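Presented below is the structure to which this report refers.
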Amino acid sequence: MEAFAKLEHIRLSPFKTRLVADLIRGKNVDQAVAILDSLPNRPAVTIKKVMLSAAANAENNFKMNRDTLYVSKILIDGQGGVKRVSPRGMGRADIIRKPLSRIYICVAEKEEA
């Protein structure tokens with residue numbers, strides 16, 4: 001059984017967010033929280049919130065034990081982006097692209113073998 005949480009339309013670069021996501025993939029939830037707390041970059045805060053939401057969904061909706069949860073899936077997708085116009089000299093304009101991300105995290109109970 002898996003529980004998930006997702007967050008869409010986040011003003012973070014998908015490339016920078018994937019760098020953080022790769023650090024916690026497959027880790028225990030408590031270990032992942034410790035890793036994310038020690039990271040200084042912005043995506044770590046957002047990923048931590050989504051992961052704790054997925055863990056809370058697992059506890060409350062599926063009656064899973066928090067101690068046995070691990071990050072089974074974490075997907076970071078680019079979501080197009082927002083375009084802004086910056087005026088330049090001689091009547092020209094430049095387009096500024098601001099990327100958007102989508103974060104999807106699944107947590108599952110670790111099977112005791």
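Computed from the coordinates by the stated procedures, all read-outs in this text should not be read as laboratory data. Note that this is a predicted model, so its numbers are computed, not measured. Backbone-built Cβ (ideal geometry, glycine too); neighbour counts: all protein chains shown.
Mind checking which residues of the range 56-65 are surrounded by fewer than 22 Cβ atoms within 10 Å (Cβ to Cβ) and in a helix (DSSP H, G or I)?
Once the filter is applied, which keeps residues that are surrounded by fewer than 22 Cβ atoms within 10 Å (Cβ to Cβ) and in a helix (DSSP H, G or I), the range 56-65 yields ALA56, ASN57, GLU59, ASN60, ASN61, PHE62.
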**Residue match in the range 93-103 (condition: among the hydrophobic types (A, V, I, L, M, F, W, C), buried (at least 17 other Cβ atoms within 10 Å of the Cβ), without any contact (Cβ under 8 Å) to a residue 60 or more places away in the chain and touching a strand residue (DSSP E or B) at 6+ places or on another chain (Cβ under 8 Å))** = no
**Fill in**
Note on the range 1-38: residues within 26 Å of GLU112 (Cβ to Cβ), of a type in the set (A, V, I, L, M) and not in a helix (DSSP H, G or I) are MET1, ALA3, ALA5
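Each row is one residue, and each column tells you yes or no for (1) surrounded by 13 or more Cβ atoms within 10 Å (Cβ to Cβ); (2) in contact (Cβ under 8 Å) with a residue 24 or more places away in the chain; (3) in contact with a Cys (Cβ under 8 Å, 6 or more places away or on another chain).
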residue: ALA3; (1), (2), (3): yes, yes, yes
residue: GLU8; (1), (2), (3): no, yes, no
residue: LYS27; (1), (2), (3): yes, yes, no
residue: ASP67; (1), (2), (3): no, yes, no
residue: ILE74; (1), (2), (3): yes, yes, yes
